[in-house]
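Every number here is computed from the coordinates shown, using simple stated rules; none is lab data. All values reported here derive from a predicted model rather than from experimental measurement. A quick note on method: Cβ atoms are made from the backbone with ideal geometry, for glycine too, and the neighbour counts reach across all protein chains shown.
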Amino acid sequence: AQSVTQLDSHVSVSEGTPVLLRCNYSSSYSPSLFWYVQHPNKGLQLLLKYTSAATLVKGINGFEAEFKKSETSFHLTKPSAHMSDAAEYFCVVSEGSSASKIIFGSGTRLSIRP
Amino acid sequence: KAGVTQTPRYLIKTRGQQVTLSCSPISGHRSVSWYQQTPGQGLQFLFEYFSETQRNKGNFPGRFSGRQFSNSRSEMNVSTLELGDSALYLCASTDVEGPGELFFGEGSRLTVL
């Protein structure tokens, strides 16, 4: 069975410093992996996705993630945090074409200190 | 293209009432899925529809139901509301069978008193 674990429920960084949001997954197959962002009172927006192509995936707003099969990890990073990055981030694993095969992580709330 | 539209955005109901939520997907998207988001349980899958057919249903009681119309618009209904049904209900649409990007609406926030 597939599962996804976001290792930090809350991360706080200063503006201009790097961001690291950690995600580990478990899957019986070769999964597709996603990161979504949710700003307050908004829906989720796709940041980036991994679907068995390049292991380093670049997304929107300067975010990127690296798929490490040996570590079953898909951590999200950004070199320099901006105030507008404050939001909830969800790591998502999918094993098939159905929405029922999509598992959302519990989310990491990212706070940015001025 | 217009995004996914969910109505109403906010609503308050009392226990025992029923509620209907609406979702209009992005034009051309035939797949619509629904999710319940709560602080305690996170995002949980409710239903998935494709071309008016329910493909899958999550682990929710029969009080939760849904449907999809020929224009791909979808509705979900919750009958006999309970306090625990208070949540943000999110709808997402996609134009591929997956795994592809889900396009989410802003959600309908239901409060049950």
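Some observations on this one:
- Once the Kirkwood radius over Cα pairs is known for the range B:26-69, the Stokes-Einstein relation at 20 °C and 1.002 mPa s delivers a diffusion coefficient of 190 µm²/s.
- The protein assembly as shown pair-distance distribution - Cα-Cα, 5 Å bins, rounded %: 1, 7, 14, 18, 19, 16, 12, 7, 4, 1, 0
- Sparsely packed chymotrypsin sites (Phe, Trp or Tyr not before Pro) within the range A:1-68, loop by DSSP, other Cβ within 10 Å at most 15: A:29
- For chain A, the share of alpha carbon pairs falling in successive 10 Å distance bins from zero is 15, 50, 30, 6, 0 percent.
- DSSP beta bridges in the range B:4-103 [antiparallel fraction, %, rounded to 5]: 100
- Here, the range A:1-68 has an Rg and a Dmax of 13.1, 39 Å when only alpha carbons are counted.
- Summarising the strand pairing of chain A, around 90 percent of its internal DSSP beta bridges are antiparallel.
- Per the Debye formula on identical point scatterers at the alpha carbon atoms of chain B, with no solvent, log10 I(q)/I(0) at q = 0.13, 0.15, 0.23 Å⁻¹ is -0.44, -0.58, -1.34.
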